[in-house]
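Only one structure is covered here, and it is reproduced in the block below.
Nothing in this text is a laboratory measurement; each read-out follows from the coordinates by a stated rule. Keep in mind that what you see is a predicted model, and the values were worked out from it rather than measured. Here the Cβ is made from the backbone with ideal geometry for all residues, glycine too, and neighbour counts use every protein chain on show.
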Amino acid sequence: MLSISTAYVQLFWRAAKHATKVNKVEEIDALFSAFSNLLAFRIVSAWKKYPLLLILALVGWLFPIAFIVPPSTLIASLAVKSTSTLQDVPNFDFSSLRYVASIPQKASEFIRQYKDDTFEWYTEYSYNGPNKEVKGIATATAVGGSILPITPTAANSSWELDFYGPSVRCSKVGKPIQLRFEKDIARWLWNETNSSIREKNCFKPEGFIAWSADVESNSNTVPGPYHQIHLGNSTIGSLDNSDYPFSGIYIALIPHIFDTMLMSTHYTLTACFRESQTSASKPLADLNATMLQCGLYNASYHVEFRFESGIQSVDTQVKSLEALKATVSVRGPARSCCKFAPPKVNVSSTTYALEYGYNANQLWTAYGVAIAITLVSICIGFMAIGGNGATYSNDFSSVYRITHQAILSVTMQQEDTDATNPLPNYLGKSYLRLVGTRSFPRKDTQEMAEERDDYDDLEMLHDATE
């Protein structure tokens, strides 16, 4: 843009001082303000005289388009970048003892003797369950039915965990053993007395009953809800149609045991009134008890964590391997826990970012035209400087100096010397000759008046030829 405006200034002064072409004041105004006033293009006569100035003026106004076109060639695309690194993620360290409530040491030490008559001393510790933090997390997870939300390593990330852990599996007990359990509950409910209220237990029944069991399939004795149950010649395997040892808990659910009925003035439990409705096949009458056996199994877990924009989704796959005995043996001092830590996990993270590109052909076309115009403007500017024999600028001092000996075809009225808008019509239509002093000697007032008379004759001749 600088090259265009510079070339235009040189050509403008060449046109304004033209020795043969007569310029009106409004024409010089139009040429002078072409870069700042679009209305200057309405003076058609000025542009007919100097088409090269018209071309430069139009190029000056249109040149910024070359810088508007490149952004239009900008192509924005969403780039997906995936990375995979080893990182620490929320994980449970099954090798650590930090999650247990306490492991008190037993008072005495023990000796273990081997077949080769060697022996060693060892110490036993007691496991008292998980600590409060683990219980709290387990309770919240069980109540919510889903894994608690965790903070991901990145808003869009995923990882997988594989580990072994316990798994609980429950199923209904077989009808023969359920019948024996119901008889045991009926015995406690209607035939035994609650020592605290000195009434039968049916006045203070229990709707949820759970008891532990460690039963071999060939055993003919099984723990009942309240008493040991002898199966006679039968075994737990034949009654349950199972061929595996069972180690876990039995659960009895009897929700209707809390049903009530309205007596004369109050409600009372109906459990004590159901004794008369029992039979050999229905020891609990119509209370409809549900009996479950829940076993603890060793299982392999595969858990996939996915986070999309920070939203968590978890997919868990569990494969039971074998029945797990409830007894746990822990050896070694508790301080060895501090040597363990969950290994780092391969975490895949996805980031999204905008990538920008240009259409190379359109970009080079726009910039190529701009470069060509700049070079042509520079050439025109140098040619104009050579023709002028000097360089010009469009600052106020240049205007003042060159108009110092200007010749106007009319006498300017005193009220029009203030340079206010609009330009009086008689001044706009008047002719102005800018001679400067480079080619003419300085003239006194009388000489300038005589030259103005000659200029009037020139104006009349010009009007006659138009």
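Observations, loosely collected:
- Using the Cβ-Cβ distance between Ser300 and Trp364 with R0 = 56 Å, the FRET efficiency computed as 1/(1 + (r/R0)^6) comes to roughly 0.35.
- Seen through its C-alpha gyration tensor, with square-root eigenvalues sorted a ≥ b ≥ c, segment 1-106 comes out prolate because a/c lies at 1.5 or above while a/b is bigger than b/c.
- Along its first, second and third principal axes, ordered by size, segment 128-221 spans 63, 39, 26 Å in Cα coordinates.
- Convex hull projection area averaged over all views, segment 261-321, Cα basis, nm²: 10.3 nm²
- Two-decimal Rg/Rh across segment 377-420, once Rg and the Kirkwood Rh are taken from alpha-carbon atoms: 1.15
- Once the Cα-Cα distance is subtracted from the 0.36 nm per residue extended length, the Ala155 to Asn220 segment shows a gain of 17.6 nm.
- A simple packing score, the average count of other Cβ atoms within 10 Å per residue, orders the peptides 180-187, 45-52 as 180-187, 45-52, with the highest score first.
- Peptide ranges 421-430, 168-177 listed from the most packed, as the mean C-beta count within 10 angstrom indicates: 168-177, 421-430
- Between segment 40-69 and segment 339-378, the Cα center-to-center distance that results, in Å: 36 Å
- Gain on full extension, evaluated as 0.36 nm per residue between His230 and Phe163 minus their Cα-Cα distance, stands at 20.1 nm.
- Once the Cα-Cα distance is subtracted from the 0.36 nm per residue extended length, the Leu354 to Gln317 segment shows a gain of 9.7 nm.
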